[in-house]
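The values are calculated or read from the model by the stated rules, or taken from the named source; none is laboratory data. What you are looking at is a predicted structure, and each value in this text was computed from that prediction instead of being measured. Glycine also receives a Cβ, built like all others from the backbone with ideal geometry; neighbour counts cover every protein chain displayed. Calculation scope for accessible area: heavy atoms of the full protein, side chains included, ligands and nucleic acids excluded. Shrake-Rupley method; radii C 1.70, N 1.55, O 1.52, S 1.80 Å.
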Amino acid sequence: AGRLRLQSTLEDGVARTALAALALLLLVTVALPLWSLLSRSFENAGGAFVGLANYRAYFASPALASSIGHSLGIALVSAALTVPLAFVYAYALTRTCMPGRSALRALALIPILAPSMLPAIAFIYLFGNQGLLKPMLLGVSIYGPPGIIVAEVFHCFPHALLIMMATLGLADQRLYDAAVALGASPRRIFLTVTLPGAYYGIASAFFVVFALVITDFGAPKVIGGNFNVLATDIYKQVVGQQNLETGAVVGMLMIVPAVLAFAADRWIRTRQVAQLSARSVAFAPQPQPLRDRAMLGLCLAIALAILGVIVTAAFGSLVKFWP
């Protein structure tokens, strides 16, 4: 008994030490930088407290204030495009019997290892002023919002895909058996069983993509052209103009939607866990040749597009002049 008490005491001591070390690490790496950023946004160049003067000056500049709308618009459109693509791809991987699911899953997750600058560079190679496929755009420029959105969709797709795969992979077979026994059609089963069961996962993926896009710097900097967003405003203010106060203001404005998206995602994940806690029978997809072939073709198109972007960026690194 004495040995057990000693072991328990040692384990408690190690746990408390680890917790204290983690709290100290978070204080140094998160809390202190955030406090420095917040305090700087209320000071002038000399370090004197000026209250909300920096914020008023920022919103008084139409060019700077418009970046808020640009960032929100890009994030919303990117999330609205990424989540349905990820849902369809995840549905094909988890709810069909199409061949090659492991390979297609691996190909779809490749972008998670690449920075957002990579797809932006690849799309410039393909659709930029010297791009091989520029005529396909029919005069539309890839620089600006179109390029940023496409690059962000490519960058965020694997993040949304992982969430959707986890959501769709936790379905309860009993619900589908009951729906089939009641004579429900496949379309009705999808609308009344599949979608409601994936609601929280879809919302979670949307907020995750939104937060990733609104805080991203790489794609807007590379392919954004003269289209300003909050992330590039910080770079211009701090690095270009050495205006640390305005840069701090932009940083605080960028944190607000990211924190709100994170809080919403956490709340949704809590509700999802509560909803799925009683599920016990794993879903087993049944072969449907027509559906499986259609999903295979769609997934192959998405996977080949991802692979094409990766290959384009890799090939561009091996040549001196493009194309």
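Figures for the structure shown
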{"read-out": "Answer residue from segment 80-101, given it is assigned to a helix (DSSP H, G or I) and of a type in the set (S, T, N, Q) and is nearest to Val229 (Cα to Cα) among those", "value": "Thr82"}
{"read-out": "Residue check, Ser41 of a type in the set (Gly, Ala, Ser) and touching a residue at least 40 places away in the same chain (Cβ under 8 Å)", "value": "yes"}
{"read-out": "Pairs with Cβ under 8 Å, 6+ apart, first in segment 88-103 and charged (D, E, K, R), second part of a helix (DSSP H, G or I) and modelled with pLDDT of 90 or more", "value": "Arg101/Ala92; Arg101/Leu93"}
{"read-out": "Residue identified as open to solvent by less than 20 Å² (accessible area, probe 1.4 Å) and over 15 Å from the mean Cα position of the chain (by Cα) among Gly139, Gly144", "value": "Gly144"}
{"read-out": "Criterion: crowded, with 16+ Cβ neighbours inside 10 Å, farther than 11 Å from Thr246 by Cα and aliphatic (A, V, I, L, M) - qualifying residue of Ala75, Ala31, Ala23, Ala60", "value": "Ala75"}
{"read-out": "Qualifying residue in segment 185-206 (condition: in contact (Cβ under 8 Å) with a residue 24 or more places away in the chain and over 24 Å from Asp265 (Cβ atoms))", "value": "no"}
{"read-out": "From Leu27, Leu52, Leu6, Leu34, residue being modelled with pLDDT under 80 and within 23 Å of Val259 (Cα to Cα)", "value": "Leu34"}
{"read-out": "Subset of segment 150-177 [out of contact with any Lys or Arg (no Cβ under 8 Å at 6 or more places or on another chain), open to solvent by less than 50 Å² (accessible area, probe 1.4 Å) and modelled with pLDDT under 85]", "value": "Gly169, Gln173, Tyr176"}
{"read-out": "Test result for Leu290, of a type in the set (A, V, I, L, M, F, W, C), at pLDDT 90 or above and either assigned to a helix (DSSP H, G or I) or open to solvent by less than 40 Å² (accessible area, probe 1.4 Å) (or both)", "value": "yes"}
{"read-out": "Search result, residues across segment 220-245 that are of a type in the set (S, T, N, Q) and open to solvent by less than 20 Å² (accessible area, probe 1.4 Å)", "value": "Thr232, Gln237"}
